[in-house]
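Student: I have a structure here, written as structure tokens, and I will follow up with some questions on it.
Read-outs throughout are calculated quantities, based only on the coordinates presented, and are distinct from any laboratory measurement. A quick note: this is a predicted structure, and the numbers were derived from the prediction, not measured. Don't worry about glycine lacking a Cβ; one is built from the backbone with ideal geometry, like all the others, and counts go over all protein chains shown.
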Ligand SMILES: NC(=O)c1ccc[n+]([C@@H]2O[C@H](COP(=O)([O-])OP(=O)(O)OC[C@H]3O[C@@H](n4cnc5c(N)ncnc54)[C@H](OP(=O)(O)O)[C@@H]3O)[C@@H](O)[C@H]2O)c1
């Protein structure tokens with residue numbers, strides 16, 4: 001059985017959910033995939049939890065007790081020192097996303113890839129800013145950089161596009177890729193005000209700290225840019241896209257649409273136009289025959305139009321930290337386990 005070290009950098013809701021999920025699934029990972037993952041360290045900005053008693057022998061309750069005990073946390077060692085000791089494994093990068101500089105995730109990912117560690121991340125910033133560089137670095141070092149958590153998390157958009165649709169030509173992609181916007185649209189069509197719906201989304205832990213990023217369509221645009229890079233090898237810039245959010249829609253418009261049996265959805269589209277790839281994000285009025293009409297609440301959805309498999313649509317993958325954590329774990333399994 002392979003025993004592989006894991007270093008977790010970032011311990012917000014997603015990092016915490018990942019650590020707990022790993023402890024919860026440890027036995028299943030061994031039994032089903034022959035994988036023994038050993039959580040060695042959790043790093044925050046200035047503190048760290050170094051797990052001498054490795055998580056392969058810790059159950060979830062013991063891990064949570066350790067995490068909640070302030071005396072378990074010590075001054076943070078450098079990431080380099082941790083990456084250099086022992087055999088390389090996987091770095092899980094879930095720090096705060098900065099879409100302008102890509103930091104601190106960029107440095108973490110680069111250090112890991114130059115030290116022989118695979119990387120899985122839910123952090124969009126470093127990928128948006130430096131996709132080609134990091135992708136090439138992984139390739140040159142025969143390592144994997146996987147980012148399901150950054151595209152639509154629990155909705156397996158990347159895997160389906162890259163693996164299940166292998167050999168097809170993806171001609172168009174349409175997605176409801178932002179759970180917060182979809183939740184707000186659903187609740188407002190049901191009669192909630194914008195502020196009530198937003199408060200609910202924040203209580204569920206799905207709204208990003210700055211809701212403007214979700215409701216103005218930028219989160220969807222970033223996900224489209226990452227999907228374009230993965231599927232078409234084209235790193236789109238956000239400035240190249242038409243991006244319109246849901247913030248211009250009124251509750252009245254949403255209720256009227258509902259009365260007519262229609263729904264507004266924030267649709268991100270990616271399509272081939274001659275030799276180039278185009279992308280746009282905007283609210284669209286859908287009727288029940290549209291593949292994404294029934295994607296409601298915090299769920300997401302994606303539809304691929306292909307040349308030889310017709311249209312394939314996935315729905316679900318609701319947004320929350322546990323779903324993002326599950327996407328990270330899935331990426332780790334897929335690095336090591338070949339089905
Ligand atoms: N929340 C979701 O459902 C979701 C879904 C998909 C993707 N994502 C993405 O996943 C990532 C994590 O999300 P989150 O909600 O858990 O984020 P968050 O609440 O912003 O937490 C970020 C964590 O990163 C740590 N951090 C920041 N700078 C660091 C540094 N230089 N070194 C080490 N740690 C550092 C913070 O440390 P301190 O604890 O010391 O402040 C904190 O623990 C983000 O990039 C987010 O965009 C989130």
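Student: So how far, in whole Å, is the C-alpha centre of region 131-180 from the one of region 258-321?
Tutor: 17
Student: Between residue 293 and residue 81, how high is the FRET efficiency from 1/(1 + (r/R0)^6) when r is the Cβ-Cβ distance and R₀ = 56 Å? Nearest 0.05.
Tutor: Once rounded, the FRET efficiency stands at 0.60.
Student: Separate question: Round to the nearest 10 and give me the degree value, 0 to 90, for the angle of helix 179-189's Cα axis relative to the longest principal axis of the chain.
Tutor: Result, in degrees: 40.
Student: Please work out the Cα center distance from region 322-338 to region 1-71, rounded to the nearest Å.
Tutor: 14
Student: Within the P(r) computed for region 187-339, what percentage of the Cα pairs occupies the region above 21 Å?
Tutor: 53
Student: Still on this structure, I have one more. Sticking with the crude label model, points 7 Å out along Cα→Cβ, report the distance from residue 72 to residue 247 in nm, one decimal please.
Tutor: The modelled label-to-label distance comes out at 3.9 nm.
Student: Equivalent ellipsoid semi-axes for region 88-138, as square roots of 5 times the alpha carbon gyration tensor eigenvalues: give them largest first, rounded to whole Å.
Tutor: Gyration-tensor ellipsoid for region 88-138: 17, 12, 8 Å.
Student: Okay, next question. Please give the per residue volume of the convex hull enclosing the alpha carbon atoms of region 1-126, rounded to a whole number of Å³.
Tutor: Spelled out: Cα convex hull of region 1-126, divided by residues, is 100 Å³.
Student: Mean shadow of region 120-160, computed from the convex hull of its alpha carbons, in nm²?
Tutor: 2.8
Student: With N set to the residue count of region 140-225, report its C-alpha Rg divided by 2.2 N^0.38 Å to two decimal places.
Tutor: Here the Cα radius of gyration is 1.33 times the empirical estimate.
Student: Looking only at Cα atoms, what is the convex hull volume of the chain per residue, in Å³?
Tutor: Value for the chain: 140 Å³ per residue.
Student: Compute the normalised compactness of region 228-281: alpha-carbon radius of gyration over 2.2 N^0.38 Å, N being the residue count.
Tutor: 1.50
Student: To continue, here is another question. Using only the alpha carbon atoms of region 60-106, find the Kirkwood hydrodynamic radius as the inverse mean reciprocal pair distance, in angstroms to one decimal.
Tutor: The answer is 13.6 Å.
Student: Just subtract the alpha-carbon distance of residue 258 and residue 271 from 0.36 nm times their residue separation and send over the number in nm, one decimal.
Tutor: Contour length minus the Cα-Cα distance gives 1.8 nm.
Student: Arranged from highest to lowest average of other beta-carbon atoms within 10 Å per residue, in what order do the peptides 89-99, 136-146 appear?
Tutor: Descending mean neighbour count gives 89-99, 136-146.
Student: Further, regarding this structure: Quick one: of the DSSP bridges fully inside the chain, what percent are antiparallel, nearest 5?
Tutor: In the chain, DSSP labels about 60 percent of beta bridges as antiparallel.
Student: Take every Cα pair under 8 Å in region 268-322 that's 6+ residues apart, average their separations, divide by the length, and report that relative contact order as a whole percent.
Tutor: Averaging sequence separation for qualifying contacts and normalising by length gives 23 percent for region 268-322.
Student: Ok, one more. Would you mind computing, in nm to one decimal, how far apart the modelled labels at residue 202 and residue 171 are, each placed 7 Å from Cα along Cα→Cβ?
Tutor: 4.5
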